[in-house]
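Written below as structure tokens is the structure these notes are about.
What follows is calculated from the coordinates using simple rules that are stated; it is not laboratory data. Values in this document were obtained by computation on a predicted structure and should not be read as measured data. Methodologically, a virtual Cβ is constructed for each residue, glycine included, from the backbone with ideal geometry; neighbour enumeration extends over all protein chains shown.
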Amino acid sequence: MKRIVWTLLLGAAACASTRDVIPTPVVLAPEIVALTVTDAGFEPDEVAVKKGQPVRLVITRKTDATCAKDIVVPAHGIHRALPLGEAVEVTFTPAKTGEIRFGCAMGQMVGGVLLVE
Ligand SMILES: [Cu+2]
């Protein structure tokens with residue numbers, strides 16, 4: 001009889017040690033959007049992205065012929081220089097639907113728009 005009780009106790013201990021699995025928080029991988037700056041400006045100049053999903057713009061300036069030697073995303077307080085031929089990464093998360101304008105440092109005279117859905 002005593003033996004049976006011990007077996008039950010050990011069994012219960014084994015069960016207790018299988019802990020509830022705590023789900024790891026979902027970290028969304030950023031959506032990569034490759035942009036180039038050519039004589040025509042930013043290409044593409046219109047990109048659809050998703051609200052709440054991080055976006056990583058990878059911008060490569062391939063020309064000296066435009067004023068777009070920086071990228072500015074005013075809605076996210078971003079202003080980065082674009083050295084010729086160098087991929088520059090800018091990551092942010094659109095918080096609401098609508099348009100996010102980006103472009104050169106002079107009021108996005110040369111620029112484009114992210115359409116947040
Ligand atoms: Cu400009």
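Summing Lys and Arg as +1 and Asp and Glu as -1 over all other residues whose Cβ lies under 15 Å from the Cβ of Glu86 gives a net charge of +1. A simple spin-label model places the labels of Glu89 and Ile32 0.9 nm from each other, with each point 7 Å out along Cα-to-Cβ. This model, with +1 at the C-beta of Lys and Arg and -1 at the C-beta of Asp and Glu, gives segment 31-116 a dipole about its Cα centre of some 300 debye.
Net charge in the neighbourhood of Leu115 (other residues with Cβ under 9 Å of its Cβ; Lys, Arg +1, Asp, Glu -1) is -3. Asp39 sits among other residues whose Cβ lies under 15 Å from its own Cβ, and their net charge, with Lys and Arg +1 and Asp and Glu -1, is 0. Cross-link partners for Lys51 among the aspartates and glutamates, with Cα-Cα distance under 20 Å and sequence neighbours closer than 8 places in the same chain left out: Glu31, Glu89, Glu99, Glu117.
Computed extension length for Ala81-Glu117: 10.2 nm, one decimal, from 0.36 nm per residue of separation with the Cα-Cα distance subtracted.
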